[in-house]
Amino acid sequence: MITKQKGTYDVYGIDAKKRKYVCDVIDAICEKYNYTYMETPVFEASELFHRSVGESSDIVRKETYDFKDRGERSITLRPEGTAGIVRSFIENKMYGNMTEPVKVYYIEPMFRYERPQSGRSRQFTQFGFEFIGSDDAISDAEVISLAYNTYKLLGIDVKVQLNTLGDKESRDNYREALIKYFEPNIDKLCEDCKERLHKNPLRILDCKIDSESDILKNAPKTIDYLNVDSKNRFLKLQEYLDLMDISYEINTNLVRGLDYYNHTVFEIVGNIPEFGSQNVLGGGGRYNGLIEMLDGPSMPAVGFAMGLDRTILAMEKLGVNFNIKDNIDVYIMYGNEEEKETATYLLQDLRLNGFIAETDYMNRQFKNQFKSADRFNSKYLIILKNDDLKDFKVTVKDNTTKEEELVNINDLVDYLDMKL
Ligand code: AMP
């Protein structure tokens, strides 16, 4: 028997319905915020992620699925969504002519070669959105508000953890301060952190291995290295969030793993005891330098991504109602070929008139058709009998009260409309 690959899963039955519900909520809220749906390919040139996510990132160093295709091209299965969107934004020239800001969202599978565990897999789905074209703090506030309100609509109580890395000058000053601080203590940190010291010392603060170390906890804080402009921008963002009534807390240790962030960084954190560090349901931030770094125009942008799987798991743990429809409107029953022909026609008619309609496809006995209708929780049964059909009548049975009525076949749609 061929089995699924490690770190992957199938989605079917009730789980598929839950996922569909979450996606529907996302679609609806994105529509309100005026973000349009977008898809990019599952695989891209490896160079895209090496340049955007960064050579020194854990994702690129240890987690990407890289392979050569039959034409010897270096291909990578996308580990995150922003790089592909930005590549497409540049390639399709989505800028200029008053097209900005470009506001898009995606719900797509991502691939990372990670150690599979609950809430962490090798193929997982992310919902993410990008707001390209504005450097104003109001766009950061909007992205945080969209993330926050999505969780709220899904019934998950979350906190926004917020920080700023400042502009380039502030970030460079901070970087220097970190190198100076970590250098004398570097032997006490993990091998990865040693490598990060000169390449990207901000990443040390993100380290999963050393996260509990006092050395990390007492490290210099971004907030103390901000220049005046960056400080004011951060205050303005907080003012906008206050106006939107979004509760947040400032976490000066928050830096986020990817190379391309500047100014705002934030994470959305749940409160599920058994989740531990996996309570980080999603994260995002501003990436003003990325579009230019990928040979596009110099253009500011901000975005967010959350794990769909982890979000669904959180909803399950919290006992949230997924609003799953678990019944159908009508089940059509028949006993012979002539009645089956009427069933075929009625099925089509009812479905086109908006009813969820089902019938038997296996030529089962009536007794088993009743069982089948119950399995689908059908609200009504339509029982076709030649004797009734001669008078253009069908029997409609309320499957809850078990009451039956003879209805003229031409009045069936109106009758069901009234009842359902
Ligand atoms: P990141 O792109 O690493 O900032 O991750 C954003 C969100 O995606 C996380 O908060 C998780 O909810 C989710 N996520 C990241 N990696 C995985 C994974 N391997 N399996 C499941 N969800 C993940």
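Scan the range 204-240 residue by residue and report those that are within 16 Å of the ligand (Cβ to nearest atom) and either among the polar types (S, T, N, Q) or in contact with a Gly (Cβ under 9 Å, 6 or more places away or on another chain) (or both). Within the range 204-240, ASP206, SER211 meet the criteria. Give me the residue from the range 289-322 that is farther than 24 Å from VAL22 by Cβ and within 16 Å of the ligand (Cβ to nearest atom) and, out of that set, nearest to the chain's Cα centre (by Cα). Among those residues, the one meeting the criterion is ALA301.
For GLU169, the conditions (1) surrounded by fewer than 21 Cβ atoms within 10 Å (Cβ to Cβ); (2) in a helix (DSSP H, G or I); (3) at pLDDT 95 or above all hold with the exception of (3).
Selection over the range 396-416 of residues that are closer than 13 Å to TYR380 by Cα and under 44 Å from the mean Cα position of the chain (by Cα) gives a count of 11. Restricting to the range 332-369, what's the tally of residues that are of a type in the set (Lys, Arg) and in contact with a helix residue (DSSP H, G or I) (Cβ under 9 Å, 6 or more places away or on another chain)? Final tally of qualifying residues: 1.
Can you find even one residue in the range 43-64 that is assigned by TED's automatic domain parsing to the domain that holds PRO116, within 14 Å of the ligand (Cβ to nearest atom), closer than 25 Å to MET293 by Cα and in a strand (DSSP E or B)? So far as the range 43-64 goes, no, none of its residues is assigned by TED's automatic domain parsing to the domain that holds PRO116, within 14 Å of the ligand (Cβ to nearest atom), closer than 25 Å to MET293 by Cα and in a strand (DSSP E or B). Given the structure, is LYS325 more than 16 Å from the ligand (Cβ to nearest atom) and either more than 13 Å from the chain's Cα centre (by Cα) or without any contact (Cβ under 8 Å) to a residue 60 or more places away in the chain (or both)? So LYS325 fits the description; yes. The strands (runs of 3 or more DSSP E) located wholly in the range 271-361 that include 1 or more residues which are farther than 18 Å from GLY128 by Cβ occupy 330-333, 357-359.
Total residues in the range 181-196 satisfying the condition of being surrounded by fewer than 17 Cβ atoms within 10 Å (Cβ to Cβ) and closer than 17 Å to GLY54 by Cβ: the figure is 1.
Taking GLN161, is it in contact with a Leu (Cβ under 6 Å, 6 or more places away or on another chain) and assigned by TED's automatic domain parsing to the domain that holds PHE89? Yes.
Being in a helix (DSSP H, G or I) and in contact with a Ser or Thr (Cβ under 8 Å, 6 or more places away or on another chain) narrows it down to one of LEU406, LEU416, LEU389, LEU412, so name that one. Residue meeting the stated conditions: LEU389. I'm checking my understanding of the structure. Among residues of the range 241-280 that are touching a Phe, Trp or Tyr at 6+ places or on another chain (Cβ under 7 Å) and within 13 Å of the ligand (Cβ to nearest atom), which one is nearest to ASP167 (Cα to Cα)? So, considering only residues that are touching a Phe, Trp or Tyr at 6+ places or on another chain (Cβ under 7 Å) and within 13 Å of the ligand (Cβ to nearest atom), the one nearest to ASP167 (Cα to Cα) is TYR261. When ARG87, ARG19, ARG51 are checked against the criterion of being under 15 Å from the mean Cα position of the chain (by Cα) and touching a residue at least 40 places away in the same chain (Cβ under 8 Å), a single residue qualifies: ARG19.
The values are calculated or read from the model by the stated rules, or taken from the named source; none is laboratory data. The shown structure was predicted, so the numbers you read here are calculated from the model rather than taken from an experiment. Here Cβ is always computed from backbone atoms with ideal geometry, including for glycine, and neighbour counts include all displayed protein chains.
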